[in-house]
Amino acid sequence: MRRTTIATLLVSLTAALALPAMSAEELRAIAEDGRKVILSPDGKWKFDNRLPTTPSSTSDAASPYQTAVKRFSLNFDTSKWILIPKQDADEYNKRMFRHKSLPIMAMVIADEIPASKETVRGIIISNANSAATSMTILQEQDKEVGGKTIGAIKFAATLKNLEFVFSSHYYGAEDGNIQVMCYSVQSLFHKYERDCQQFTAGLTIK
């Protein structure tokens, strides 16, 4: 089963919770105090004083977000979260989200490949173990969504001496599977965990 690896997610936060690069020459990031900075390839940085831009309106920018599998959707707070515009190189089954004011990001992956809930969990664990130097499961439980039993897992993972925490809701069946994940660096996650929980709790299964 093709899956976005945990390494891909960790890289997106490695440079002070960096947002996707705007060009090959510089990287835009958000510091721990919330100020925006521009990181240059030579290691230098400066504050980004540009006015914020509003993402272009798209048919799937509003809540609920409809995934590639019609039975799965996500209700999210559009006053807090931005659905990042899809790029040509992005996988068809994955979309990324960014919080408007907090240093947390999220993603939704869904496809029609048959997979049990246990299989999806195994993929999450396998990806984390293969990408990180260490991985620790912090909490696991089952929940009910739309009469279906889904899995909920929170784990810590270390990559390049940076510690991250991931919180995910996941589900799998014969007609498709989905993973809804929110994440940030470990030192900040506890401050914004409620927002992450609200995001992942938006999963809807028909």
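The values are calculated or read from the model by the stated rules, or taken from the named source; none is laboratory data. Computed from a predicted structure; not experimentally measured. No Cβ is skipped: glycine too gets one built from the backbone with ideal geometry, and neighbour counts run over all protein chains shown. For accessibility, only protein heavy atoms count, side chains too; no ligands or nucleic acids. Shrake-Rupley method; radii C 1.70, N 1.55, O 1.52, S 1.80 Å.
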Inset, instruction - Could you check, for the range 122-145, whether at least one of its residues is over 14 Å from F166 (Cβ atoms), β-branched (V, I, T), open to solvent by less than 70 Å² (accessible area, probe 1.4 Å) and in contact with a strand residue (DSSP E or B) (Cβ under 7 Å, 6 or more places away or on another chain)? - result: yes
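Going through Y170, Y192 one at a time, which residue ends up being among the aromatic types (F, W, Y), closer than 23 Å to G122 by Cβ and either modelled with pLDDT of 95 or more or in contact with a helix residue (DSSP H, G or I) (Cβ under 6 Å, 6 or more places away or on another chain) (or both)? Talk me through it step by step, then tell me what you get.
On the way: Y192 fails: closer than 23 Å to G122 by Cβ.
Going through Y170, Y192 in turn, the sole match is Y170.
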Inset, instruction - State whether the residues of the range 65-75 include one that is farther than 14 Å from M181 by Cα, without any contact (Cβ under 8 Å) to a residue 40 or more places away in the chain and either assigned to a strand (DSSP E or B) or out of contact with any Cys (no Cβ under 6 Å at 6 or more places or on another chain) (or both). - result: yes
Legend entry - Where D111 falls short, out of the listed (1) open to solvent by 20 Å² or more (accessible area, probe 1.4 Å); (2) charged (D, E, K, R); (3) within 17 Å of T204 (Cα to Cα): (1)
Legend entry - strands (runs of 3 or more DSSP E) wholly inside the range 97-206 that include at least 3 residues being not hydrophobic (A, V, I, L, M, F, W, C): 134-145, 148-159, 162-173, 176-185
Inset, instruction - Among the residues of the range 161-186, write down those that are over 15 Å from the mean Cα position of the chain (by Cα), over 20 Å from F76 (Cα atoms) and touching a residue at least 40 places away in the same chain (Cβ under 8 Å). - result: L162, G172, A173, E174, D175, G176
Inset, instruction - Mind listing just one residue for me: the one in the range 149-162 that is modelled with pLDDT of 95 or more and open to solvent by 20 Å² or more (accessible area, probe 1.4 Å) and, of those, nearest to I113 (Cα to Cα)? - result: T149
Inset, instruction - Assess whether G34 counts as being at pLDDT below 70, within 16 Å of P103 (Cα to Cα) and not polar (S, T, N, Q). - result: yes
